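Asks: My structure is below; once you've seen it, I'll send some questions.
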Amino acid sequence: MDSHPMHEQSVSGESLPSRLCEALRFDSKNSLDLDSHSLTNSSSDNYTPLSNSREKHSPTDSFSRVSPSCNSFDTSSCFQESSPPVEAREVFSQNEQYGSWELQEVFNIMGPQSSPGEEKGQIMATPNVSLEQIPCGGLKHILVDCAKAISEEKTNKFNQLLEIARREVSITGEPIQRLGAYLIEGLVAKKESSGTNIYRALRCREPESKDMLSYMQILYEICPYLKFGYMAANGAIAEACKNEDCIHIVDYQIGQGTQWLTLLQALASRPGGPPRVRITAIDDPVSRFACGAGLEAVQRHLAVISENFRIPIELHRLPEFAPKFTLEMLGARPEEALVVNFPLMLHHTPDESVDVYNPRDGLLRMVKSLSPKVVTILEQESNTNTAPFLNRFEEVLDYYLAMFESLDVTLPRDSKERIDVEQHCLARDIVNVIACEGRERVERHELLGKWRSRLTMAGFRPYPLSSYVNSVIASLLQCYSENYTLVEKDGGILLGWKRRNLVSVSAWY
């Protein structure tokens with residue numbers, strides 16, 4: 001990528017965190033609408049789900065109605081209710097009786113998974129059935145009993161409970177009904193030992209539209225704890241590198257590059273001129289499609305930032321992942337301040353419970369040996385790494401129920417965008433955590449306290465997150481719902497929904 005020469009900026013009295021927060025406020029008000037060349041105007045107008053469905057929908061059809069509209073800290077009337085696009089409503093009028101068609105297609109490819117007497121393809125039943133029909137304490141109770149029956153190898157009991165649960169789930173219903181649909185898929189996969197094949201099919205089927213917005217981009221837009229998690233990490237980076245002329249960011253999962261837009265805008269307005277920024281992207285180990293159609297789209301987005309804000313940016317890609325890459329591969333330059341970013345990916349690296357060589361701690365030690373200026377970590381606040389099956393299932397149920405409830409605030413239940421996010425971004429992880437074991441279970445989340453122990457043993461010390469940025473995030477969260485929470489703990493922050501922490505953010509050096 002061609003870099004622009006250093007451009008002198010007028011000196012401003014604003015601090016870098018203040019400029020970062022102004023960029024955040026702008027981002028919250030103008031979601032995916034950076035300029036005429038930004039993410040909202042991708043050259044691909046339509047996309048198709050990972051399955052070969054004929055219905056096509058634009059992932060940005062309703063984004064203008066998704067993000068809250070806030071003026072600074074005014075949290076009154078911040079959110080505008082959205083309605084599904086006409087095209088999505090038409091699809092649902094034709095497909096109201098289906099269940100999880102994405103996972104169902106994979107089941108059909110692999111062969112029938114149903115019990116005797118069940119019609120092939122009837123994984124889910126009709127939507128929006130009253131929860132009052134369920135005995136023994138509700139759908140949540142029945143789902144836990146299903147998991148207990150599997151753990152106790154009581155096949156007949158499981159099949160009986162499964163029939164009850166199937167009649168009550170719906171991908172357009174209450175949060176517990178929607179989550180229940182995917183939990184049932186995971187339980188059936190666990191019983192049939194087919195979880196790994198389903199997970200791989202979901203993660204690795206190549207999107208048809210080469211320049212489409214990824215499903216993770218949609219999730220980023222409708223889940224503020226992801227957006228503001230990135231912002232908290234960016235605040236630590238901005239503070240650590242405030243006096244640096246050259247910054248090298250090693251990003252372990254760049255995705256669509258969304259995290260860096262607001263940081264680059266803030267750095268561009270730095271008194272004395274912007275720094276030179278080099279970004280090295282390292283692929284996700286689980287899916288080679290983590291960057292969508294590749295880094296070309298990311299490169300175009302960064303080129304727009306570079307041009308509009310006159311900040312020199314380079315983007316490179318490493319073909320190796322995680323412990324496989326070396327310092328030499330990074331092409332480290334002595335004048336650069338090194339930043340390492342781990343966004344929702346450290347849990348994919350196996351630990352000592354899976355591999356005797358403990359690649360997870362080995363990766364952290366290797367990063368420490370690079371002497372980074374700061375390391376930022378964004379992780380799901382969930383404990384599924386070494387928990388046995390039943391405990392793992394109950395943790396998944398509690399965690400994702402809170403997440404599904406939070407999605408109701410942002411998009412209506414019959415929204416095509418919400419259904420796509422839940423199926424393509426969340427259902428695949430639910431299936432993996434529930435149905436897979438050993439090396440095949442790659443979704444191995446840990447709590448902030450455990451990450452703190454690992455990082456401390458690797459020689460890291462906590463880098464304080466910006467209290468100013470945290471206070472701005474806490475206020476902006478209220479633009480979405482008063483049920484979103486921010487808690488400062490163990491040198492990091494926890495972003496969540498009601499009583500449940502969902503995402504942790506921490507920084508280290």
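Asks: Taking S471, is it small (G, A, S) and touching a residue at least 24 places away in the same chain (Cβ under 8 Å)?
Replies: So S471 fails the test.
Asks: Now, a different point. In contact with a Leu (Cβ under 7 Å, 6 or more places away or on another chain), aromatic (F, W, Y), at pLDDT below 95 and at negative phi - does that describe any residue in the range 180-199?
Replies: The answer is no; no qualifying residue exists.
Asks: Tell me, which helices (runs of 4 or more DSSP H) wholly within the range 424-509 include 2 or more residues that are more than 17 Å from the chain's Cα centre (by Cα) and farther than 20 Å from H347 by Cα? Spell out the reasoning first.
Replies: Numbers: elements: 428-435, 448-457, 467-477.
It comes to 467-477.
Asks: Determine which member of the set P388, P412 is surrounded by fewer than 23 Cβ atoms within 10 Å (Cβ to Cβ) and touching an Asp or Glu at 6+ places or on another chain (Cβ under 8 Å).
Replies: Answer to the selection: P412.
Asks: Okay, moving on. Within the range 365-421, restricting attention to residues that are part of a loop (DSSP other than H, G, I, E, B), among the hydrophobic types (A, V, I, L, M, F, W, C) and out of contact with any Lys or Arg (no Cβ under 6 Å at 6 or more places or on another chain), which residue is modelled with the highest pLDDT? First the steps, then the outcome.
Replies: We begin by selecting, within the range 365-421, every residue part of a loop (DSSP other than H, G, I, E, B); these are 370-373, 381-388, 411-415.
Narrowing the set further to residues that are among the hydrophobic types (A, V, I, L, M, F, W, C) leaves 370, 387, 411.
Remaining after also requiring out of contact with any Lys or Arg (no Cβ under 6 Å at 6 or more places or on another chain): 370, 387.
Details: L370: 91, A387: 94.
Result: A387.
Asks: How many residues are buried (at least 19 other Cβ atoms within 10 Å of the Cβ) and assigned to a loop (DSSP other than H, G, I, E, B) if we restrict to the range 139-173?
Replies: So the count comes out to 6.
Asks: Out of curiosity, is A303 at pLDDT 80 or above and closer than 23 Å to Y509 by Cβ?
Replies: Details: at pLDDT 80 or above: yes; closer than 23 Å to Y509 by Cβ: no.
No: the conditions fail for A303.
Asks: Where residues in the range 240-262 are modelled with pLDDT under 95 and assigned to a helix (DSSP H, G or I), which of them is surrounded by the most Cβ atoms within 10 Å (Cβ to Cβ)?
Replies: T262
Asks: Considering (1) surrounded by fewer than 17 Cβ atoms within 10 Å (Cβ to Cβ); (2) farther than 19 Å from A147 by Cβ; (3) outside the structural domain of P350 (by TED's automatic domain parsing); (4) polar (S, T, N, Q), say which one S471 fails and leave the rest.
Replies: (3)
Asks: Please verify whether the range 331-342 includes one or more residues that are in contact with a Gly (Cβ under 7 Å, 6 or more places away or on another chain) and under 30 Å from N483 (Cα atoms). Walk me through it before giving the result.
Replies: Keep residues of the range 331-342 that are in contact with a Gly (Cβ under 7 Å, 6 or more places away or on another chain), which gives none.
No - not one qualifying residue is present in the range 331-342.
Asks: Also, quick follow-up: Would you please list the contacts, defined by Cβ atoms under 8 Å and residues six or more apart or on different chains, that run from a residue in the range 148-175 that is under 23 Å from E405 (Cα atoms) to a residue that is among the acidic types (D, E) and buried (at least 17 other Cβ atoms within 10 Å of the Cβ)?
Replies: I171/E422; T172/D414; P175/E405
Asks: Out of L397, L370, L465, report the one residue that is closer than 29 Å to G235 by Cβ, among the hydrophobic types (A, V, I, L, M, F, W, C) and surrounded by 19 or more Cβ atoms within 10 Å (Cβ to Cβ).
Replies: Matching residue, one of L397, L370, L465: L465.
The values are calculated or read from the model by the stated rules, or taken from the named source; none is laboratory data. From a predicted model like this one, the values you see are computed outputs, not experimental measurements. Here Cβ is always computed from backbone atoms with ideal geometry, including for glycine, and neighbour counts include all displayed protein chains.
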